[in-house]
Amino acid sequence: MIKPRYWIALSALLLLTLTVVVSHWPSTMSLGLPNSPYQTVSTWPEFERPVDAALEARIDDILQTMTLRQKVGQMTQGEIQHVRPSQAKEYGLGSVLNGGGSWPGKTPFHVLEDWLELADAYWLASTESATGIPLLWGTDAVHGHNNLQGATLFPHNIALGATGDLELVRSIAAVTADQVRASGVDWTFAPTVAIADNPAWGRSYESFSQDADAVFHFAKAVVEGYQQGQNAPGILATAKHFIGDGATRNGVDQGDAWVSEAILRERHAQGFYGALDADVQVIMASFNSWWTKRLHGHEYLLTDVLKKQMGFDGFVISDWNGINDVYQCLPNSCPQAINAGIDMVMVPTAWKAFIDNTVASVEAGDIPMSRIDDAVRRILRVKLRSGLFEQPRPSERIGAGDESAVNSPELNALARQAVRQSTVLLKNNDQVLPLNPAGRYLVTGLAHRIAIQAGGWSLNWQGGAYDNDYFGPSATLLDGLREWTGANNGSLQVGLPGVNEKLDADAAIVVLSERSYAEGEGDLTAWQSSAAEKQTGFDGIAQLSAIQQRYPELPIVTIVIAGRPLWMNPQINVSDAFVMGWLPGTQGAGIADLLFGEHPFTGRLPFNWPADDCEGLPRSTRRAAFAVGYGLTTDQTVIVPELKAQPAREIGTNGLAPDCVWQRVLLSPFQ
């Protein structure tokens, strides 16, 4: 019989041993944020705001002076490459946008003055139109003013979710508003408030977390930041995409969400609840379908739920040519979408035909005049509330032309802080980290490429296309490594030496990167697409194994630059330390601050990290190697054991098994 005091001692020893064996699963199962106040709702909650009688009377007066064609013009948004200021005046357009990779001119080399000159031209044209109603200019400023050459770019939403820091995220949105305001633009098509249920979705990095409560709080903080600004008045925010874009089957972009209304209401609407709590004025309809019916034509969700039950009194905008996917619609004609509740229609190129066709549809009785009046009322309400009618031309507004609002030491410090707080340490066996900055290190991979570290929506739609010079003052991961070793008499060997060359190094720092992508181009289901066929290597395992075989005593620190969790068990097994850096933007050097111990690792996974390449729902914590909330510090003596490394399915010719959720081709770390 074991005596009590010996049992106590033995129990403590067993507990310590157990911790070492299974501690690769420690997690809070959340990001530590409070529950959403709408966590359990049996009906759609109401957000109706008090009626401003004076404002509504002013809208009545404006509507009474407008013709049908002028009203439809207010409902129309064209793209700046396809709308001249003179046309905006002639047709009385309500809005213009610049798409991803569209600038005032044909290249990104345009300074603030170019943006302001075009913004002034549009403003002057609209105020001199028959109605005199100023137009809105919208842009996709989703991680900084990412279409503006030289702007500081911040980590994408998935990384911000890993910080768990609402004040940091609010500050980033506020300074982004200042960037946008400096260029004369009024409005951003952000934030994305989707909850990505499946990382196969190419927009997963636009999602803050799979934790619905966290998404509520992040959405609220970001909208507050955009609409308040930091050193200048805020800009209009857009909560997108209503609703269920992150719930589609197999994570297919613009796919079909087969979920119940209760799941939509209690899970996928949480980001919209947060945005509406922050008084968001614009909501963008989603490309996806709900039980086969396209959201752009879904009257029940857009009108009955959003506008009537939830009391949203701002306007609903379509996505890029989104009306084209509605049954029996064309890019330039869709009475069904307008009747369903779309108020402003994004028709980038075919906007003139859209105006003609919509006027004809009203005259034919296919669209009630009351629906047109409601749409225009909502657009005017937002313009009046935002003070657009009282604003001077864009170049004369507060913050216009302010270079320090676009890129400055202070902005770059904030971005670098965000990188540090978002980076997650998954493995640190034998406490390889922190590294000694006076050491000697082999560095391989795309540690030097800003375009890869910034990801999609960076100077163009898909990202990845431009050299570092296009991005202005920045600091890549490689810059950060050089900064620390250079200041401490350390050294870097960049690139793997030849077979017969000697390597004098204390550790290898290997950077594995996803290619840059946006939207459906990043879907993991499109194996046969040209984009997928351009990839080389399979997740870098061959290269990691080569380093291990050539230098078996050399510790390997692997850093992943990617927009989502990936099945990388073979890579994790080969690595002594394994770090998820997400898509850090233009200050990837912040990762180096962590590697050398200047700052502690505090990032936590906002999504589950998979234990298997094919099996298990991505949301299932039971099948996760590392669950939501997991993240190590270098002080912890946690040993991550060998993970299952054999793929469940045969690898295809381009390195992928077509029906596996988690497999992913990465760029070669030796490019």
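The values are calculated or read from the model by the stated rules, or taken from the named source; none is laboratory data. This is a predicted model, so every value here is computed, not measured. Neighbour counts run over all protein chains shown; Cβ positions are idealised from the backbone, glycine included.
Quick look at the numbers
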| quantity | calculated |
| --- | --- |
| Residue list for the stretch 467-495, filter: under 24 Å from W582 (Cα atoms) and in a loop (DSSP other than H, G, I, E, B) | D467, G472, P473, S474, A475, T476, G495 |
| S36 under 30 Å from Q421 (Cβ atoms), at pLDDT below 95 and not in a helix (DSSP H, G or I) | no |
| Hits in the stretch 163-219 (condition: of a type in the set (K, R) and closer than 25 Å to M580 by Cα) | R170, R203 |
| Members of the stretch 308-352 found to be assigned to a helix (DSSP H, G or I) and buried (at least 22 other Cβ atoms within 10 Å of the Cβ), listed by number | G322, I323, P335, A337, I338, A340, W351 |
| Evaluation of Q254 against (1) within 17 Å of P199 (Cβ to Cβ); (2) not in a loop (DSSP other than H, G, I, E, B) (one fails), failing number | (2) |
| Any hit, the stretch 287-295, residues being under 21 Å from W351 (Cβ atoms) and at pLDDT 95 or above | yes |
| Search result, residues across the stretch 569-579 that are in contact (Cβ under 8 Å) with a residue 40 or more places away in the chain and touching a helix residue (DSSP H, G or I) at 6+ places or on another chain (Cβ under 8 Å) | P570, Q571, S575, D576, A577, F578, V579 |
| Residue in the stretch 368-387 that is part of a loop (DSSP other than H, G, I, E, B), among the β-branched types (V, I, T), crowded, with 18+ Cβ neighbours inside 10 Å and modelled with pLDDT of 95 or more present | no |
| Selection count, the stretch 168-181, where residues are of a type outside the set (A, V, I, L, M, F, W, C) and closer than 17 Å to G271 by Cα | 1 |
| Test: residue in the stretch 388-397 that is of a type in the set (G, A, S), in contact (Cβ under 8 Å) with a residue 60 or more places away in the chain and surrounded by 20 or more Cβ atoms within 10 Å (Cβ to Cβ) | no |
| Some residue of the stretch 482-492 being modelled with pLDDT under 95 and either within 20 Å of T444 (Cα to Cα) or surrounded by 22 or more Cβ atoms within 10 Å (Cβ to Cβ) (or both) | no |
| Subset of the stretch 357-367 [surrounded by 16 or more Cβ atoms within 10 Å (Cβ to Cβ) and either free of Cβ contacts under 8 Å to residues at least 40 places away in the same chain or of a type in the set (F, W, Y) (or both)] | N357, S361, I367 |
| The stretch 101-114 residues that are among the hydrophobic types (A, V, I, L, M, F, W, C), paired with ones that are assigned to a loop (DSSP other than H, G, I, E, B) and crowded, with 16+ Cβ neighbours inside 10 Å (beta carbon under 7 Å, 6 or more apart) | W103/H110; W103/N147; F109/Q149; L112/S183; L112/G401; L112/V406 |
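Residue-by-condition table, conditions (1) within 18 Å of the chain's Cα centre (by Cα); (2) within 14 Å of A507 (Cα to Cα); (3) assigned to a helix (DSSP H, G or I); (4) at pLDDT below 95:
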| site | (1), (2), (3), (4) |
| --- | --- |
| E410 | no, no, yes, no |
| A415 | yes, no, yes, no |
| A418 | yes, no, yes, no |
| Q421 | yes, no, yes, no |
| P434 | no, yes, no, no |
| P437 | no, yes, no, no |
| L442 | no, yes, no, no |
| L446 | no, no, no, yes |
